[in-house]
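Trainee: One structure coming up, written as structure tokens, with questions to follow.
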Amino acid sequence: LIYDSFAHYLVTEKGYDEDLLTLAPDSLDFCCKGLVLDIEEGNFLKLAEDGTVLRASHGTKSMTSEEILEIHGRKEWKHFNTVSGMVSRTAKYYLYDNYFDLPGALLCARVVDSLDQHDGQKKYDFWKDMVAAIQHNYKITAFKEDCGMYFPEVKSHPDKYLQRCPESVKKWLKQLKNAGKILLLITSSHSDYCRLLCEHVLGNDFKEYFDILITNALKPGFFSHTPNQRPFRTLENDEEQEALLSLDKPGWYSQGNAIQLYDLLKKMTGKLDPKVVYFGDSMHSDIFPAHHYSNWETVFILEELLGDKGTVPTKADSEPLEKKGKYERDQLKVPYFVSKQWGSFFMDRLPGLENAEETLVHTWSCKCISTYSTIAIPSLEAIADLPLDYRFTRFSSNSSATAGYYPSPPRALLPNEDSVMMK
């Protein structure tokens, strides 16, 4: 749906090739988290922890090791300094680090293929059109106005796109609240879309699970903005009201900043430095800024940990559908099985000439996990049944690159598995 909503806009509003509208099912293999798009060159890159290029494609077409070495050599990619400071959006590159963004990567790659075919361009300037497509589909008024393809479709067929929250997770949220924890929901989505999702996923009583709801939070800016730059606002019928000077009580708010939120948490807990544990699935919008600006504990939800078993679950028809694992029903759309084109999210070998000794290195995405998250888990379900006082091993506990993965580290990071995984 995300792919179609962007492609439709590019074709109908910006005159791009109609071929973009048809999508071969296996082309979704291109989508792999952690890729960086070098906008001007039309190249996608997978980076090692030191910033060297491990794999690359021009448009959708993979580059050979020789081509990578010729263009990038053995030195860090030219924008690595800024991208590793988590500056993900500039006119030069775009970092794809969550599943919501990823279909756009495939579309951009196909746009490059199409422009090469027709114009033989050397530098590309399609990005402004891509931004317009994103704006058109996701601007804050789009849900209310039925603008674009995305919101009208999700509104009409929520069951097709949204999965209900498992009972174990609902029970866990209630346990946390009953144990006196303050529960927050912070999302960059506007209140109207957030309500649709939460009602569908958690139920009509979803507000009872949380003490504080913050929508239109504009992460990662939520963590770095000052109260003056981005004050909290109240909502009436999903319309934002005047700015608040401070946050005085729990409730549902729009916009805002982590500084004033933390002041409220101090009031509510009566503690000078209440501890916050923040769960998120985007390194750029959630984990890095919560750790870096707010010094919160961070739990990275990393679905790649699920796809690490090396085998695809079989289509056992003996079980009723609702009992099947989260993604078993739909083999094509499984995001976390390792991309054939891009390989493991965690490790890869350095591009070398034929017959050269292989050197395995951690990816930059993998390095970020142990640097900025306290722990990483495949889903909330993975921890929902644990006692609330369960003690997790943190990444920082012994400076281990694998200590913080729960329930177990990805296979690619374990000794003796490397050669098997990479082949």
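The values are calculated or read from the model by the stated rules, or taken from the named source; none is laboratory data. Nothing here was measured: the structure is a model prediction, and the numbers come from that model. Cβ atoms come from the backbone with ideal geometry, glycine included; neighbour counts cover every protein chain shown. Protein only, heavy atoms only, side chains kept; ligands, DNA and RNA dropped before computing areas. Shrake-Rupley method; radii C 1.70, N 1.55, O 1.52, S 1.80 Å.
Trainee: Name the residue, out of H190, H200, that is at pLDDT 95 or above and surrounded by fewer than 19 Cβ atoms within 10 Å (Cβ to Cβ).
Mentor: Working: H190 fails: surrounded by fewer than 19 Cβ atoms within 10 Å (Cβ to Cβ).
Testing whether each residue is at pLDDT 95 or above and surrounded by fewer than 19 Cβ atoms within 10 Å (Cβ to Cβ) leaves just H200.
Trainee: Consider A56 carefully, then state whether it is open to solvent by less than 70 Å² (accessible area, probe 1.4 Å) and farther than 22 Å from L115 by Cβ. Spell out the reasoning first.
Mentor: On the way: open to solvent by less than 70 Å² (accessible area, probe 1.4 Å): yes; farther than 22 Å from L115 by Cβ: no.
The answer is no for A56.
Trainee: Further question on the same structure: Can you pull out the residues in region 158-185 that are over 16 Å from I383 (Cβ atoms), part of a helix (DSSP H, G or I) and either outside the structural domain of L196 (by the TED database) or under 23 Å from the mean Cα position of the chain (by Cα) (or both)?
Mentor: P158, D159, K160, Y161
Trainee: Could you look through region 20-45, keep only residues that are assigned to a helix (DSSP H, G or I) and modelled with pLDDT of 95 or more, and pick out the one that is farthest from W364 (Cα to Cα)?
Mentor: Step one: filter region 20-45 for residues assigned to a helix (DSSP H, G or I), giving 20-21, 25-30.
Then keep just the ones that are modelled with pLDDT of 95 or more; that gives 20-21, 30.
Values: L20: 31, L21: 32, F30: 18 Å.
The qualifying residue farthest from W364 (Cα to Cα) is L21.
Residues are listed down the side, and each one gets a yes or a no for (1) acidic (D, E); (2) buried (at least 19 other Cβ atoms within 10 Å of the Cβ); (3) more than 17 Å from S189 (Cβ to Cβ):
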residue	(1), (2), (3)
G221	no, no, no
F232	no, yes, no
E236	yes, no, yes
A243	no, no, yes
D286	yes, yes, no
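Trainee: Right, something else. It is to be established whether one or more residues within region 63-76 are closer than 25 Å to I2 by Cβ and of a type in the set (A, V, I, L, M, F, W, C). Explain how you work it out, then say what you get.
Mentor: Here is the first cut: in region 63-76, the ones closer than 25 Å to I2 by Cβ are none.
No - not one qualifying residue is present in region 63-76.
Trainee: What are the pairs, 6+ residues apart or on separate chains, where a residue within region 213-225 that is in contact (Cβ under 8 Å) with a residue 12 or more places away in the chain and over 19 Å from Q241 (Cβ atoms) has its Cβ under 9 Å from a residue that is open to solvent by 10 Å² or more (accessible area, probe 1.4 Å) and among the aromatic types (F, W, Y)?
Mentor: Pairs found: P220/F288; P220/Y293; F223/F288; F223/Y293; F223/W296; S224/Y293.
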